[in-house]
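Please read the structure below before turning to the comments.
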């Protein structure tokens, strides 16, 4: 892949998400060669994917070109590549653009949707872990309404206007809230000849509370907010199957729906090649020690969602969120530099800064370590934190502008079917030109 | 297609471009039913497509949702549909979503790329008439550079970094200028390990001047600007063929290039069904009288690029640009209302407000009827006019913000491969997830 062999040790980082960026940033201008690989040429700000999916933001405003992030750094190489296999014995990886040796390997591949082995669900539901996937959801929502207009079959129309979101974590909650706001503010205006009351937004959660991991108060309040917005919240209900037509559950209710969004689970985006004992099989995450080194590997580290570091406080590893990823990346960079200088590494201790979720206009929940609050102020805090965390001045400015516009005008203007989504069931669009 | 039959006459408009929007706007709140059909659910601001293609703007900022444009208008119906055939005898059209009768039909389908029957050129070159096509070009430019990094074959690398733009009209000139600016400002920073001097931007024009239809001074100055930016301008050179590898010309120079953008011609996007005598075959445009009525049709009108109204001043019809389209649309709306009231229609007279093209930062050419100027002031005029013509406050604001940012930072930040372009030749990417 045309990367020069120098006398400096080579650190290869797989993945330019929060964790990968943090470690790469921390290794700048050291006596190291840093190679960053990603299957996209941009960093994705995942927390705002749901706004791309619901026509509130343009994709380009939550993506940041990885090359730009590092284009003033010496000894830094970016390559657009997929990694197929890790050869721990030979310190080598196999990728879509050839093999590469490393002195240190940092796996920061993040997470992917977990369908728990159900092939039907994998085939027929929509996922929302990347920008193209979010754009598919955006297209599909709008295509549904265009189609609902055309059918004279009421059952069919109901099905097209019935949205099922599986999973009551932040993704599910935020998406359900945004869809409900589209139902309230935009769709009745855009589709005056359609009975928008037929539109249903269902949020299905298998356990008895939403936003697991947040406080009871946040969970309760989020549910109240959703219900107020008109979302049908189904708790203690488990989705068993979906054939593109009907969502089968373990309860009395089945759902006839043309669109199901699967936000019920993630797993590590692990790569083939490491020994079985390196991986927590169920979660597809790498077992790492307190320095994020993959157990029983030679020189492989894993950080962020794909790493599972368990200790007393986090028996199943840290939450798969941005904060642990960033903190692990930052510490690993420091530790690698220490290790090169022959100094002892520092073990990772997660500094939980809290978590938050937004449900809609003026409606958010925030859990800080010492203060939990909900409502308008929480919503402004949520916006400020997300705006501040976005990479790049232009992205911040464009997102800010969109938010101000949406707030004043009660609008989401990027409701565009740029690339139609080709459904895998009987409906299909073919205008991809 | 579920459109109610009322006692009002039905006007069906095909196409939501400049012409279609103008006529639909002019028919608002009349005793008419208006049905607008388009294969996209948005209006495309075509003059800025080249900025989407070169990473300067996000696609969402030059697209405007058609439903939003009309969502406060009674008796207005939008349908996402492709029209396959016109049945003039029965006042009926056949579409992808069923048949529809009309009292008046307005064809405003615009234009499409003209490959002049060359199947190779159609298969292997890129076109830039729609947003998805522009995004394909954006992806391809960036993919080329990613690939050029990987090859150790110098010839191959040169080919990947060689861009050929065929056609010296506004599209070709503006795209060549933008690519040359990428070469100057962005690519050397993003690809420090690549010899950017290998990158060539070739603009090929079959006649002896660029920007045909503009003044000699504008044409000459545009060429100067391009040369100053490092574009290789080839005049009096005709492209004969392209096999995905080599551009064959009628001159001594053939071009080995992985990317050829075809901006050498457009033709009307005409629809099957009307009598042969209604169509100017070579240009695929409808012959219309001075009221934009398609000759020897019953109740079919054509406006904009797809209409060919020839008179002494415009023996081959009006230029295929936004201004004639908008003016014809506005007049046709008035004329249809007049006709319904039994009044006489007014013939169309084109008010030529002038034309302009931008080549790069501080470099544009403007021909007004009484004043022709070039350079910095022309560039500001160009920007102001385009910003002003964009539909929607949000789009204007986002574009303005991008331009200010680019101007201050010498940057184009949306250099993102959101959906990789799958080449039809040997190179191919497969990360479409």
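The values are calculated or read from the model by the stated rules, or taken from the named source; none is laboratory data. Being a predicted model, the structure only gives us computed values, none of them experimental. Virtual Cβ from ideal backbone geometry, glycine too; neighbours counted across all protein chains shown.
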Practice task
Those residues that are over 21 Å from residue A:193 (Cβ atoms) and buried (at least 18 other Cβ atoms within 10 Å of the Cβ), I need them from region B:76-93; list them, please.
Solution key: B:86, B:88, B:91
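To keep it simple, each residue is scored yes or no on (1) within 13 Å of another protein chain (Cβ to nearest Cβ); (2) not in a loop (DSSP other than H, G, I, E, B).
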position: A:117; (1), (2): no, no
position: A:147; (1), (2): yes, yes
position: A:158; (1), (2): no, yes
position: A:203; (1), (2): no, yes
Practice task
Sort through B:162, B:202, B:136 and tell me the only one that's outside the structural domain of residue B:17 (by TED's automatic domain parsing), within 21 Å of residue B:413 (Cβ to Cβ) and buried (at least 20 other Cβ atoms within 10 Å of the Cβ).
Solution key: B:136
Practice task
Residues being within 30 Å of residue B:62 (Cβ to Cβ) and within 14 Å of chain B (Cβ to nearest Cβ): count how many of those fall in region A:15-30.
Solution key: 1
Exercise for the section: Report the residue count in region A:69-85 for those that are in contact (Cβ under 8 Å) with a residue 60 or more places away in the chain and either farther than 17 Å from residue A:3 by Cβ or outside the structural domain of residue A:44 (by TED's automatic domain parsing) (or both). Expected result: 3
Fill in the blank from the handout: Scanning region A:205-232 residue by residue, those closer than 25 Å to residue A:122 by Cβ, in a strand (DSSP E or B) and within 23 Å of the chain's Cα centre (by Cα) turn out to be A:212
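Restricted to region B:408-419, and to residues that are under 27 Å from the mean Cα position of the chain (by Cα) and modelled with pLDDT under 90, which residue is farthest from the other protein chains (Cβ to nearest Cβ)? Before the answer, list the steps.
Taking region B:408-419 first, the residues under 27 Å from the mean Cα position of the chain (by Cα) are B:410-419.
Those left that are additionally modelled with pLDDT under 90: B:410-413.
Values: B:410: 12, B:411: 8, B:412: 10, B:413: 5 Å.
Looking at residues that are under 27 Å from the mean Cα position of the chain (by Cα) and modelled with pLDDT under 90, I get B:410.
Condition check ((1) in contact with a helix residue (DSSP H, G or I) (Cβ under 8 Å, 6 or more places away or on another chain); (2) more than 10 Å from chain B (Cβ to nearest Cβ); (3) crowded, with 24+ Cβ neighbours inside 10 Å; (4) within 14 Å of residue A:329 (Cβ to Cβ)) across all residues:
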position: A:13; (1), (2), (3), (4): yes, yes, yes, yes
position: A:32; (1), (2), (3), (4): yes, yes, no, no
position: A:42; (1), (2), (3), (4): yes, no, yes, no
position: A:61; (1), (2), (3), (4): yes, no, yes, no
Exercise for the section: Give just the number: which of (1) under 22 Å from residue A:392 (Cα atoms); (2) within 12 Å of another protein chain (Cβ to nearest Cβ); (3) in contact with a strand residue (DSSP E or B) (Cβ under 9 Å, 6 or more places away or on another chain) does residue A:4 not satisfy? Expected result: (1)
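Quick check, is residue B:78 more than 10 Å from chain A (Cβ to nearest Cβ) and either assigned to a loop (DSSP other than H, G, I, E, B) or modelled with pLDDT of 95 or more (or both)?
Working: more than 10 Å from chain A (Cβ to nearest Cβ): no; either assigned to a loop (DSSP other than H, G, I, E, B) or modelled with pLDDT of 95 or more (or both): yes.
Criteria not met by residue B:78.
Each row is one residue, and each column tells you yes or no for (1) more than 22 Å from the chain's Cα centre (by Cα); (2) surrounded by 22 or more Cβ atoms within 10 Å (Cβ to Cβ); (3) at pLDDT 95 or above.
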site: A:289; (1), (2), (3): yes, no, yes
site: A:307; (1), (2), (3): no, yes, yes
site: A:312; (1), (2), (3): yes, no, no
site: A:318; (1), (2), (3): no, yes, yes
site: A:325; (1), (2), (3): no, yes, yes
site: A:337; (1), (2), (3): yes, no, yes
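If I ask for residues that are more than 17 Å from residue A:296 (Cα to Cα) and crowded, with 21+ Cβ neighbours inside 10 Å, which ones from region A:103-112 would you list?
Kept after step one, since they are more than 17 Å from residue A:296 (Cα to Cα), are these residues of region A:103-112: A:108-112.
Answer for region A:103-112, where residues must be more than 17 Å from residue A:296 (Cα to Cα) and crowded, with 21+ Cβ neighbours inside 10 Å: A:108, A:109, A:110, A:111.
Just give me the residues in region A:354-368 being assigned to a loop (DSSP other than H, G, I, E, B) and more than 19 Å from the chain's Cα centre (by Cα), in sequence order.
Those that are assigned to a loop (DSSP other than H, G, I, E, B) and more than 19 Å from the chain's Cα centre (by Cα): A:361, A:362, A:368.
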Fill in the blank from the handout: Given (1) within 14 Å of another protein chain (Cβ to nearest Cβ); (2) more than 26 Å from residue B:259 (Cβ to Cβ), residue B:402 misses just (2)
Practice task
Working only within region B:340-352, note down all residues that are closer than 27 Å to residue B:321 by Cα and either over 23 Å from the mean Cα position of the chain (by Cα) or assigned to a helix (DSSP H, G or I) (or both).
Solution key: B:345, B:346, B:347, B:348, B:349
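Would you say residue A:98 is buried (at least 21 other Cβ atoms within 10 Å of the Cβ), farther than 22 Å from residue A:322 by Cα and facing chain B (nearest Cβ under 9 Å)?
Working: buried (at least 21 other Cβ atoms within 10 Å of the Cβ): no; farther than 22 Å from residue A:322 by Cα: yes; facing chain B (nearest Cβ under 9 Å): yes.
Considered against the rule, which asks whether it is buried (at least 21 other Cβ atoms within 10 Å of the Cβ), farther than 22 Å from residue A:322 by Cα and facing chain B (nearest Cβ under 9 Å), residue A:98 comes out as no.
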Exercise for the section: Test each condition in (1) part of a helix (DSSP H, G or I); (2) within 14 Å of chain B (Cβ to nearest Cβ); (3) over 30 Å from residue A:12 (Cβ atoms); (4) touching a helix residue (DSSP H, G or I) at 6+ places or on another chain (Cβ under 9 Å) for residue A:395 and report the one that comes out false. Expected result: (3)
Practice task
Take region A:177-189 and flag every residue that is surrounded by fewer than 21 Cβ atoms within 10 Å (Cβ to Cβ) and within 14 Å of chain B (Cβ to nearest Cβ).
Solution key: A:185, A:188, A:189
